[in-house]
Every structure is written in C-alpha cells, then in structure tokens.
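Quick notes on the structure that follows.
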Amino acid sequence: MSSKRLHMESPARSWRDALPCGNGVLGALVYGRIVKERILLNHEALWSRGNIPPVPDTSTRLAELRALLQKGDFATAERFFPSLWAADGFSAKAAHFLPGPDVGVEHHQAHPFEDYHAALDMKTGEIAVRWKENGYLLERRVFVSRPDNVMVINFKTENPDGLDVLFSLKAHDPFDSIEYGGFGGVGCPETTIESNQDGMRLNAVFADGVAYEANLKIYGTLPIPEKNELRVKGCSSVTALVSLGPVNDSLRVKKPELPKSACYETMREAHAAMHAELMDRLTFSLPSGDDSSNERMLLDVLKGPLCPALTEKLFHYGRYLMISSSSGEAVYPAHLQGLWNGDYKAAWTCGIFNNENVQMNYWGSLAGALPESLLPLFSTVESLMDDFRENARHLYGCRGILVPLFMSPRSGRKQNPLPHVVYWSAGAGWLAQHFYDYWLYTGERDFLLNHALPFMKEASIFYEDFFTEGADGYWVSAPSQSPENRPLGDFPEAGNIFVCVNATMDFSVAKELFTRLIEVSEQFDLNAGQLPRWKEFLRKIPAYRINEDGALTEWMDVRLKDNYHHRHLSHLYGLFPGREIDRHRTPELFEACRIAVEKRLVLGIEHQTGWSLSHMASLWARLGDGERSLECLQLLTRSCLGKNFFTYHNSDLDIGITKTFIQGVPAPFQIDANFGITAAVLEMLVFSRPGFIHLLPALPSSWTEGTLCGVRCPGGIALDLRWNRTRNEIAVKFSSNTDVNLQMVSGRNPKQNSLRIQAGKPLMLCAKWSAMAPSADDKYEWSETQE
C-alpha cells in the first residue's frame, strides 16, 4: 500500500534525516548512505543518571506565599519558592536520553552508483536502500525485530564478484550531535572493542558511570577480523545481527542475546507478522494516486495546498512511530523524541514532559486502535509514585501526588526552580485522563480497579488538600500557573510573571477528575463513603468565566486579564483534550472557546511551533472547522517537517512560520507533532464520548471521498466510515463487544439518531448527503443496509 511507504531520493545528512525503525525497546536510524553507511542505535533505557535530590520542604512557608498572592504582590510571589530553594542550596541535574552506538557498514565501491532509492515500509517496519553499480543491483535491508529484540541487517548484490564490506561498532559520532547550549549532558563515552570471527563487542562507559554493551555477529559467511572491524568478501549476501542493552543499571530492562544461527527472511517474516497486525488494525485513505518521494512532496507543499497523499502518509507515519517507540516489550513511554536521539546534549533532555507533550504523544492511541502503547506510560508513572508523593508533601504539605512538569524514568521529583515549572500542579490530573480513557475504550475492569482508580484517587487527594475555600465559598487554586503563559492585569510587572491564582486549567482538570470518580463509583457501587465528599468538592469548583470579548478566560481570578499572545491553549482543556464542552451540550461555553481560539490568532504564525500547530488542528476539529484544522496541518508541513517526515519544534529556514529556537542552530526534532497530526485527523473525522458519536464533525471540503476503518470509540465500539461527496453518499458500520445504546450525529446536522448495537452483530447504515457546501447544514436520512 503506497500510503504506508516513505520514499527518499537521497541519503540522510544527519541522524535527524534518517529513516527510523524500532520495536519499542530498541530503535534504529538508517542514514541510507552508499559507501559508508551509518545506522544509529538507541535503547529505551539508556539514560544518564542525573542527580535529583528531594526538593526543599517549603510547605511551612505556603501561607506566606498565598498571602502575597492574595494582596496582589505577584512579583514577590514569583520569586518566593525559587529563592527558598536557592537559599537551601538546591541543585539538580536532569537525566538525559543518550545515543547508543553507530553501526558501520562500509562498502567498497568500484564504480559510480545510479538509480538510488531508499524506502521505509511502514506495514512491515523494514527499511531498504537500493542502487546500482556497473549495472548490478545492490540492496541493504534493515529492521528491528519484535520477537528477537535485535537489529537485523541484510546486504546483497547481483554482482558475481560478490560483496566487499567492513562492519564496525563505534560510539556515536559526536560531530553528528548538535550541541545545544545550556542543556548539560555527559559527553561521548569511553569505549573498548573486541572482535574475532565469532563477532564484535563494544563496551561504552559514560562519565557518570552509565554503560552499555553492543554486540554484532555475522551470519551466512565467516568474517575476517581487521583492526576492530569485520570484513566480509566474496559472498552475494550477508546477514548481521546487532544487540544493545545497558549494563550495571537499575532500570528495568532485559539483557538481549544474539542467536547462534539466523536467516534474514525467516526473522523478517516473524517480525512483519507482529508489526503488520498493529498497523492493519486501522486504515485511512484519501484517494489521490500520488506516491511521490518525501523530497518532492515537501517541495509541492511549499507551492500549494497540503495534498491528500501527504496527509494520508503522515497519518500512518504517526501510528508507525507509536508502534515503533511505545509498544511490544517497551518499559518506558515515548518521550520528547520517541525512541530516537543522536545528541549527547539533547534539547530539553528528551524528557517526559507532562504539561502537554507526552499527552499529545498518546492522544491518538486509543481511537487509533493502539491501546497497548499506553501501558509503558502507565507503568512508568506508577513506578514514580513515591517521588510524586514527596513533591506534594515538600512543596505544599499535601497528601496525594504532585507530578512535575517534566521527568525521566529515573526520577519523578520536581527538579527545576523556574516559576513556570515550580508552580504548575495539574500534571497528575491530566495524566489521569489517559488512565481513565484507557478503561473507557477497552472496558478492562481489572485495569480500572487496580490502576486507573488508585491513580485518580491519589490525584484527587492532592486537590482536596491543595485547594482552599474562598470568601465566596468556592475553591481557590494558589499558587497556580497556566502553561507557560503570563497574565496581564492592573499590577506591576503584568505580562512578565508566571505565578497566578485560579488558572482555568486547574479547575477543568479537577472537574473532569472528580466527575469521573463519581460516575464510575456510582456505576459499579464503589467508594460509597467518599462519594458525598467528592460531590461536595465538585460543587465548590467555580464556574468558567467569559471575558468582555466573549472568550473563555485563561484565569478565573478577575485581577488577571487574558494574554492572547501565546501558543499554549491549556485553558481550553474542557473542549480538548477533555470532553466536557461541546456544541451539543454546552453551546455557550463552546462559543466562548471558539472566540478564545480566534483571539489567539493575534499571536501570528511566526510564533507557533510544530506541536502548537498540531494542538491547534485538534482544537479547530473540535470546533467543527475542518478548513482551519487542515490549514494548521499545512503550516506545520511547510515549516516543521524533515525529509524523513520527523516533525521539528520549529522551522530553521526563516520562512515566517514558527518561532526560532536558537538562531543559526538546526531546529530540534520533537516527535509530539508527528503523533499530533494523527490525532488531529481522527478528530476531524470522528468525535466520540460515552454513548455519543459525531461522524465527520470537521470534514475539509478538499477531502471529497475517503475511508477510515477500525477507529475505536468509548464502550468497546469500533466503526468503519466511508464517504463520497461526489456521489452524495456516506456509510458506516458499527461493531461492539457489548450491547450499546448510542446517540449519533452526522456532519453539521443537529438531529440525533438513536442506535442499538448488539454484541457481535455489526450494524450497517448508509445515507445520502443532501447538502454539499461545508458551511451549510448537512442533512442525512439514515437507513440500515447489508454489508
């Protein structure tokens, strides 16, 4: 299937351009070079140690901080906790995700090459690089095996003289690493290499003591050891296996082993079956017939609209990257760069950022039929609960958990004294959304009882201790912070401080959390003793505030005025990624959210980022505006897309789209926007909440026909959707593993259709589309049909 293949006409210049593959534990980046091929390996558990001591106990000074906020001395409050940390001598060094070794495959080239082609098959996870020399075809193929947890390389030629190849293992080349100032790091490791006819072993030790071991073994022919390299000469085909794993480390990983014998085709077949099963659960098609190379598609999007073929490829690519970085045997979640990194000083440490980025990574997982991809996130969060409890006690004297803005698998402690980091408290509640949604989509009651509810309760206990009652009888959240924006208002230093009171996001997250605790407890007759307290807590959450522009405010405190000049839109949490606000149940708040997004456009595209454009695309989809949603994706592809289709934090081409990260420095790879594209497309085509489904809520006019098959909805529902505007037709098939009563809305038609889906009995419906203009009310008359 062409939409599940990426084609490149030229090799990668650096790791940021290379083609990725992985099995959730082991990742590889294939540069696709001819003479001196390089394949960079990453391992999910290869993190520097860092040094994160407990944060100083500031809980006894909380009343002083709140008094400063109450009297409006925000500037002093901003510096209050950070100054206490500094006086205590607090210093932390974050753990960094580190690159593994470079696998070298050096080919003796006797003739000039021609017909170069590199391709990634997303259906199988295999990368192939092909070219001709003197009329003979040469081909290198690579994949990371899911069943065997090793990278597998095959190199073959049609030349009767056979191959002449040197295989090597080396620490990743530091000249391929972009050194971002101010991010720390541990530098290139010290290495020792052993090689003989049985294979090659590389041991690497970083300055902080973190170490890894890589092993390479040749199969099918006897290699010749040469100066810490292995030469293969004269054979027409050779297969090499490479393993990688940390050593002497406390992180939870299994040590990989190389088999005594190996056959490339056999291993490929076993791997491809497992990988393809994940990819094939969901299909998406916008018929176009265009199978151009990545490079040509990127040139075309500079000249015209985002074509359906590129949209389709990017949708599948987001799912492919999720399957490759956070599934199977993975222990840790996809971080800021998924599973891939070639920098010894990675931007933002490649951390797990809980104020949007890791959440965006997983927005499309449940609807996209990849629920198991969330399990590494859950297990990592649960392994750090003691750190989260310590944060809550030390900062605010609270029970429960306080999740930091960013963390690593090594530590969940607060570790940064910057005000927008110190004072943000909504992380646990936001992550609780993923825990609860996993149960909504899968129906796994064991997960609900033993994972989701315990986590949600700990998050709720923090809010019960942290919120205080105001003079009006409603809760006050102080100190507060709305990521990563600064409020305006009639006070000194307005627009220059982060700390605030009553960020709207705090209450949106808390409202969702307590509402869900109450609903599921009543559904299953649980927590009877806590229900009255939770209901009273929910009653005291203040109502949303709408400002003089008609926009939902970012801060509920009337002293704080909206600052529209910012990328983050966390105050719209109730609209997206939450489901509290929608056009059907809360039309006034829905309109206030629309105005809030409109007002944010004053920021201008020159201040956006890749992730913010992805987020905005999903917001416009929830608002029912498919044209603007697609426009966000078009801006993203014009500015923040590499030739391997990795998304960047920003453009480094000075084309007027996105802010500059560091002038003159290549933009950092940041995978959240890759995943965000997939999520946005799903949002444009299907909106769902328990008992309710909206089909084609934000269909762009250019998507005249298409299919989306296998999308999941809460309650164990799966649906296949097909539409064709040319023929005025729409068809949908519902299936469920339980009996479900459902309300369905289609397009812009407010009429709800009541449906009954019986377990194991698919329901097929079709309708004629009577209104073609996307601005008009689409009217449907549904009828049941046979498949």
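The values are calculated or read from the model by the stated rules, or taken from the named source; none is laboratory data. If you're wondering where the values come from, they're calculated on a predicted model, not measured in any experiment. Every residue, glycine among them, receives a Cβ derived from its backbone with ideal geometry; neighbour counts consider all protein chains shown. These area figures cover heavy atoms from the full protein model, side chains too; ligands, DNA and RNA do not enter into them. Shrake-Rupley method; radii C 1.70, N 1.55, O 1.52, S 1.80 Å.
How much net charge surrounds residue 8 when only other residues with a Cβ under 12 Å from its Cβ are counted (Lys, Arg +1; Asp, Glu -1)? Cβ neighbours under 12 Å give a net charge of +3.
Accessible area per residue for the chain is 36 Å², calculated with a 1.4 Å probe on protein heavy atoms, without ligands, DNA or RNA. For the range 614-660 versus the range 431-494, the inter-centroid distance based on Cα atoms is 29 Å. The trypsin sites (Lys or Arg not before Pro) of the range 141-250 meeting both criteria, a DSSP state outside H, G, I, E and B (loop) and at most 12 other C-beta atoms within 10 angstrom of the site's C-beta, are 227. Counting Lys and Arg as +1 and Asp and Glu as -1 over every other residue whose Cβ lies under 13 Å from the Cβ of residue 114, the net charge comes to -1.
Ordered by packing density, taken as the mean number of other Cβ atoms within 10 Å over each peptide's residues, highest first, how do 385-392, 269-276, 21-28, 92-99 rank? List each step's numbers first, then the result.
On the way: 385-392: 20.5, 269-276: 17.2, 21-28: 27.8, 92-99: 23.8.
Answer by packing, highest mean first, reads 21-28, 92-99, 385-392, 269-276.
Reducing the range 555-592 and the range 62-100 to their Cα centroids gives an inter-centroid distance of 27 Å.
Over the residues of the chain, the helix contribution to mean residue ellipticity at 222 nm works out to -8500 deg cm²/dmol, using -39500 (n - 2.57) for each DSSP H run of at least 4. Electrostatic bookkeeping for residue 705 treats Lys and Arg as +1 and Asp and Glu as -1; over the other residues with beta carbon under 12 Å from its beta carbon, the sum is +2. Peptides 437-443, 401-407, 192-198, 547-553 ranked from most to least packed, by the mean per-residue count of other Cβ atoms within 10 Å: 401-407, 437-443, 547-553, 192-198. With a threshold of 32 Å on the Cα-Cα distance, the over-threshold entries among 457/733; 457/599; 303/733; 303/345; 345/643; 599/751 are 457/733; 457/599; 303/733; 303/345. Bridgeable aspartates and glutamates around residue 217 (alpha carbons under 13 Å apart, same-chain partners fewer than 8 residues away excluded): 194, 198, 229, 257.
Within the same chain, aspartates and glutamates fewer than 8 places from residue 540 are excluded, and of the rest, those with a Cα less than 12 Å from its Cα are 464, 469, 472. Ellipsoid fit via the Cα gyration tensor, the chain: semi-axes of 43, 33, 24 Å, each the root of five times an eigenvalue, largest first. The lysines within cross-link reach of residue 71, meaning a Cα-to-Cα straight distance under 22 Å and a gap of 8 or more places when in the same chain, are 561.
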